[in-house]
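Notes follow the structure.
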Amino acid sequence: MSLPHSVLQAFEQQFHTFPSCLVRAPGRVNLIGEHTDYNEGFVLPMAIDRAIWVALWPREDRRVRLHSLEYDQTVEFDLDDLRKGSGWAEYVKGVAYVLQTQGYALRGWDGTLSGDVPKGAGLSSSAALELAAARAFACVSDLPWQPAHMAQIGQRAENEWVGVQCGIMDQMASAACLEGHALFLDCRSLDYEHVPLPEGVAIVVLDTSTRRGLVSSAYNERRKQCETAARFFGVKALRDVSVEAFEEKRKTKKGLEEVAWKRAWHIVSENKRVLEAVRAMRANDPARLGALFDASHASLRDDFEVTNIALDQIVEAAQAQPACYGARMTGAGFGGCAVALVKQEEAEAFGEAVLAAYRHKSGLEARAYVCRPSTGASLVPLS
Ligand code: GLA
């Protein structure tokens with residue numbers, strides 16, 4: 001049975017009624033533009049064909065009762081008495097909290113939820129859940145749906161309620177993507193464009209199966225280093241530093257610790273790579289796009305230092321395959337997934353070959369997902 005069908009069936013069994021809305025919010029894979037979002041720069045993610053689904057029905061009161069099929073757990077809370085707890089429901093409560101802080105009048109609902117976005121892998125299962133929650137509240141409470149605004153609400157929920165200092169990329173991808181396209185996003189203005197993927201390519205996500213704890217402290221440390229570098233350059237964010245300006249200042253080698261120079265160079269060069277990647281996509285040039293993937297990985301490994309051995313190994317294994325145009329780590333790093341740009345007709349065989357090579361090198365079992373670019377958070381018509 002498909003995921004939406006099992007969600008619908010479980011809803012009907014639990015609540016003895018038909019849902020009034022079915023919500024789908026996807027995970028994402030970032031094609032290029034890593035750690036640039038909180039530097040107010042450019043990113044190029046795409047929503048994937050793995051998502052969180054929620055079937056729901058409005059209630060007369062202000063309670064939310066939500067059953068997760070994956071955790072086989074029902075959580076209930078009161079919109080007039082939101083309290084912090086732990087676990088998956090915090091993302092839903094966090095969204096309710098931010099919506100209410102912004103003055104939206106919310107209605108309660110009963111819902112059933114499930115998803116197939118791998119967790120902790122860097123494919124933004126949390127952003128998917130935030131956007132699914134936002135869409136669910138919007139559906140029962142009749143709120144206008146503006147993707148960028150709802151993405152900001154999701155981000156604030158994560159920052160203020162869950163306590164993770166993420167940027168805006170993941171929520172924007174889950175909210176605003178379009179089938180067949182990547183999202184070229186300016187993280188300062190939140191202006192975006194949908195850019196079609198080159199013809200004849202597949203996007204393969206390679207999950208190293210490694211997860212690292214303390215990601216958030218390493219992430220926050222990178223953010224601080226970037227802020228220090230921005231202050232040194234006298235700009236609001238590293239987005240405002242051009243390659244030329246960087247190189248000019250770098251000649252002096254003064255004013256910043258060596259590590260901050262390296263972090264800043266990653267951001268400055270990565271922003272340029274995103275703009276070039278968009279040009280390569282528009283020119284239908286997968287070879288150029290792939291080369292940019294490779295360069296991005298090298299920069300994340302050597303300058304931003306957010307890869308781990310597993311990510312480096314799987315990226316090398318991918319790059320060694322003739323069907324591969326390019327590969328890089330994706331997401332925050334320190335473990336999780338890589339992304340490869342591959343000849344479409346060879347995508348399945350590519351995945352198997354990389355898994356075998358990776359197994360041989362690392363002794364670990366990875367997973368490969370051939371991902372199709374999908375649409376952002378939406379209401380799915382109920383027949
Ligand atoms: C995580 C964060 C994003 C972004 C990426 C790195 O996914 O949630 O905001 O910073 O890391 O590009």
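The values are calculated or read from the model by the stated rules, or taken from the named source; none is laboratory data. Treat the numbers as computed from the prediction; the structure is a model and nothing was measured. When we count neighbours, we look across all protein chains shown, and the Cβ atoms used for this are built from the backbone with ideal geometry, even at glycine. The area values use the complete protein model at the heavy-atom level, side chains included, leaving out ligands, DNA and RNA. Shrake-Rupley method; radii C 1.70, N 1.55, O 1.52, S 1.80 Å.
Listed values, structure above:
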read-out	value
Those Cys residues of the chain for which no other cysteine Cβ falls under 4.7 Å	C166, C177, C187, C226, C324, C337, C371
Student exercise, the range 1-127 dipole from Lys, Arg, Asp, Glu Cβ charges, in Debye to nearest 20	60 debye
Relative contact order %, the chain, counting alpha carbon pairs below 8 Å whose residues are six or more apart	23 percent
Whole-number accessible area per residue in Å² for the chain, which is evaluated in the context of all protein chains at 1.4 Å	41 Å²
Of K119/K224; K84/K272; K272/K343; K119/K361, pairs whose Cα-Cα distance is over 30 Å	K84/K272
Charge tally in the Cβ shell below 12 Å around A280, where Lys, Arg are +1 and Asp, Glu are -1, A280 excluded	+2
Between the range 181-198 and the range 28-47, the alpha-carbon center distance in angstrom	9 Å
Among G200, A323, A229 the positive-end extreme of the charge dipole of the chain (Cβ point charges)	A229
The chain: antiparallel DSSP beta bridges as a percent of all, rounded to 5	90 percent
All-pairs alpha carbon distance profile, the range 1-144, 5 Å steps from 0, percent	2, 10, 19, 22, 19, 14, 8, 5, 1, 0
Prolate/oblate/rounded call for the range 199-239, Cα gyration tensor, a/c under 1.5 rounded	oblate
Equivalent ellipsoid dimensions for the range 119-247 as semi-axes, Å, which come from the Cα gyration tensor, largest first	26, 20, 19
Convex hull volume per residue for the range 219-369, taking Cα atoms only, in Å³	118 Å³
Cross-link reach list, aspartates and glutamates versus K253, counting only Cα pairs under 16 Å and skipping chain neighbours closer than eight places	E244, D303
Choice from R50, R328, R65 with maximal GNM fluctuation in the chain (Cα, 10 Å cutoff)	R65
Net dipole in debye of the range 57-187 [+1 Lys, Arg Cβ; -1 Asp, Glu Cβ; about Cα centre; nearest 20]	160 debye
Gap separating the Cα centres of the range 335-376 and the range 99-135, nearest whole Å	28 Å
12 Å tail of the calculated P(r), the range 325-383, as % of Cα pairs	76 percent
P(r) histogram, all alpha-carbon pairs of the chain included - 10 Å bins from 0, percent	5, 24, 31, 24, 12, 3, 0, 0
Label-point separation in nm, D78 to D142, each point 7 Å along Cα→Cβ	2.6 nm
Of the DSSP H helices in the chain, those whose Cα atoms cover at least 30 Å axially and whose Kyte score averages 0.0 or more	none
